[in-house]
Amino acid sequence: MREALSAGAAGYVLKEAALEELRGAIDQVMAGHSALPIELLNAAMRGNAPTPRRETLDQILTRRELEVVERIALGLTNKQIARELDISPATVKVHVERLIGKLGVADRTQAAVLAVQLGAGGQ
């Protein structure tokens with residue numbers, strides 16, 4: 001999954017996925033969101049990233065940016081993130097733009113992939 005996402009894929013579907021799951025993933029990607037199986041994201045966030053790299057991520061992003069990127073990695077929209085964090089969607093958008101710049105990635109999907117690789121959300 002990491003290789004595919006690092007190569008620019010906007011989503012990932014297991015080959016055992018049901019047709020409806022595949023359709024849902026396609027719809028998510030077409031709407032500009034990432035489509036990543038939550039069980040794979042959880043497994044990746046549970047311990048595959050070395051601790052020193054996590055410290056680097058903590059040093060790069062603010063606490064709020066970490067909260068935002070962790071929710072992006074879970075596939076949440078800006079509106080959903082705003083609701084969860086009790087901030088406006090416009091504020092979420094600002095955080096997303098800043099963390100994309102700080103991480104040196106092209107979009108929110110790449111930010112989510114990098115965050116997972118670096119261990120965000122593994123608390």
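So in the range 65-83, with the set limited to residues that are without any contact (Cβ under 8 Å) to a residue 24 or more places away in the chain and in a helix (DSSP H, G or I), which one is surrounded by the most Cβ atoms within 10 Å (Cβ to Cβ)?
The first filter runs over the range 65-83 and keeps only residues without any contact (Cβ under 8 Å) to a residue 24 or more places away in the chain, leaving 67, 71, 76, 78-83.
From what is left, the residues that are in a helix (DSSP H, G or I) are 67, 71, 78-83.
On the way: Glu67: 19, Arg71: 21, Asn78: 20, Lys79: 11, Gln80: 14, Ile81: 23, Ala82: 20, Arg83: 13.
Checking each candidate, the answer is Ile81.
Going by what's in this entry, would Lys102 be described as in contact (Cβ under 8 Å) with a residue 40 or more places away in the chain and surrounded by 14 or more Cβ atoms within 10 Å (Cβ to Cβ)? Explain how you work it out, then say what you get.
Working: in contact (Cβ under 8 Å) with a residue 40 or more places away in the chain: yes; surrounded by 14 or more Cβ atoms within 10 Å (Cβ to Cβ): yes.
So Lys102 passes the test.
If I ask for residues that are modelled with pLDDT of 90 or more and closer than 18 Å to Val29 by Cα, which ones from the range 82-107 would you list?
The answer is Val96, and nothing else.
Restricting to the range 105-123, and then to whatever is part of a loop (DSSP other than H, G, I, E, B) and either among the small types (Gly, Ala, Ser) or out of contact with any helix residue (DSSP H, G or I) (no Cβ under 8 Å at 6 or more places or on another chain) (or both), can you tell me which residue is surrounded by the fewest Cβ atoms within 10 Å (Cβ to Cβ)? Steps first, please.
In the first step, residues of the range 105-123 are kept if they are part of a loop (DSSP other than H, G, I, E, B); the result is 105-107, 119-123.
Imposing the further condition that a residue be either among the small types (Gly, Ala, Ser) or out of contact with any helix residue (DSSP H, G or I) (no Cβ under 8 Å at 6 or more places or on another chain) (or both) reduces the set to 106, 119-123.
On the way: Ala106: 10, Gly119: 23, Ala120: 27, Gly121: 20, Gly122: 16, Gln123: 8.
The extreme case among them is Gln123.
Under 8 Å between Cβ atoms, which residue pairs at least 6 apart in sequence (or on different chains) link something in the range 23-39 that is closer than 16 Å to Glu70 by Cβ with a partner that is assigned to a loop (DSSP other than H, G, I, E, B) and at pLDDT 80 or above?
Matching pairs, first to second residue: His33/Gly75; His33/Thr77; Ser34/Gly75; Leu36/Gly75; Ile38/Leu74; Ile38/Gly75.
Does Arg63 satisfy being over 17 Å from Thr109 (Cα atoms) and modelled with pLDDT of 85 or more?
yes
The values are calculated or read from the model by the stated rules, or taken from the named source; none is laboratory data. Model, not experiment: these values are computed from the prediction. FYI the Cβ positions are ideal-geometry reconstructions off the backbone, even for glycines, and counts take in every protein chain you see.
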